[in-house]
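The values are calculated or read from the model by the stated rules, or taken from the named source; none is laboratory data. What you see is a predicted model, and the numbers here were worked out from it, not measured in a lab. Here the Cβ positions follow ideal geometry from the backbone for every residue, glycine too, while neighbour counts run over all protein chains shown. Only protein heavy atoms, including side chains, enter the accessible area calculation; ligands, DNA and RNA are left aside. Shrake-Rupley method; radii C 1.70, N 1.55, O 1.52, S 1.80 Å.
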Amino acid sequence: MSSERRLFLAVALDDDSRHALAAFVSREDLPEIPGRRVPPGNWHITLRFLGRSTQLQQEKVLAELDQELVHDPFLIGFGGLGTFPYPKKATVVWLAVAAGGDDLVDLAVSCERAAVAAGFDPEERPFHPHLSLARVRPAQNLTALVDEYPPFPGRLHVDAVVLYESITGSGTTVYRELDRVGL
Ligand code: ATP
Ligand code: MG
């Protein structure tokens, strides 16, 4: 149906964190991250990918999130770089979450409950908190980059779950914030 939207739930970066991370990854004393970079305006930490959804499913998941999100706001700290699926054949380069990862897992569990209660199929894959920075095609061996890259010293205040629409297809993917549920 053409009215369906591609949706996902995520933690957003505030402007200060975005600018600090953008400055960090472009530091000249650090190795350049290869591949097709995710534009800083698109940086986020996915909690639950929902995929194509109707307006009704969108409303349901927001209502369920209102019930499920009983968490208090929290801080996360970052690590260095990691890759999917693994460093020797990396196709995605991401920034690791080093502190507060357990809180993010709790949040992802609540998002999963809300999604299933709203009628989405259960997620089979384990949740791995990360912030995608680049896509690498073809895959590269990035073992050295991952080993030498220092941790990003910034902190992120997590105080909401954001529902995004992902608009793909015409060049750069654009994310549009549709709603947010505060913690
Ligand atoms: P593009 O696909 O155009 O390269 P993108 O992957 O950022 O861009 P989407 O595919 O819409 O855009 O994905 C939105 C978010 O959901 C991203 O964080 C992506 O990693 C994540 N995501 C996409 N598909 C899945 C999936 N099947 N399972 C889990 N997470 C997913
Ligand atoms: Mg994608």
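Give the longest segment of the chain that steers clear of GluC sites (Glu not before Pro) in DSSP loops with at most 15 neighbouring Cβ atoms within 10 Å, not counting the sites themselves. Counting at most 15 other Cβ atoms within 10 Å as exposed, the longest clean stretch of the chain is 33-122.
From the square roots a ≥ b ≥ c of the eigenvalues of the alpha-carbon gyration tensor of segment 119-183, which class results: rounded (a/c under 1.5), prolate (a/b over b/c), or oblate? Could the numbers behind the result be given before it?
Numbers: a/c = 1.75, a/b = 1.37, b/c = 1.28.
It comes out prolate by the Cα gyration axes.
The accessible surface of the chain, taken with every protein chain in place and a 1.4 Å probe, is 49 percent carbon and sulfur. Sorted largest first by accessible area at a 1.4 angstrom probe radius, with every protein chain in place, the residues ASP66, ASP106 fall in the order ASP66, ASP106.
Comparing PRO31, PHE49, HIS19 along the charge dipole axis of segment 5-74, the residue lying farthest to the positive side is PHE49, per the Cβ-charge model.
Just how far, in whole angstrom, is segment 127-142 from segment 13-63 if you go by their alpha carbon centroids? Cα centroid of segment 13-63 versus Cα centroid of segment 127-142: 13 Å apart. Excluding ligands, DNA and RNA, the accessible surface per residue across the chain is 53 Å² with a 1.4 Å probe.
When the dipole is taken about the Cα centre of the chain, and only Lys, Arg (+1) and Asp, Glu (-1) are charged at their Cβ, what size is it in debye, to the nearest 20? Display every interim value, and only then the final one.
Details: 18 positive and 25 negative charges, 178 e Å.
Using Cβ point charges on Lys, Arg, Asp and Glu, the chain gives about 860 debye.
Relative to the globular-protein estimate of 2.2 N^0.38 Å, the Cα radius of gyration of the chain stands at 1.04.
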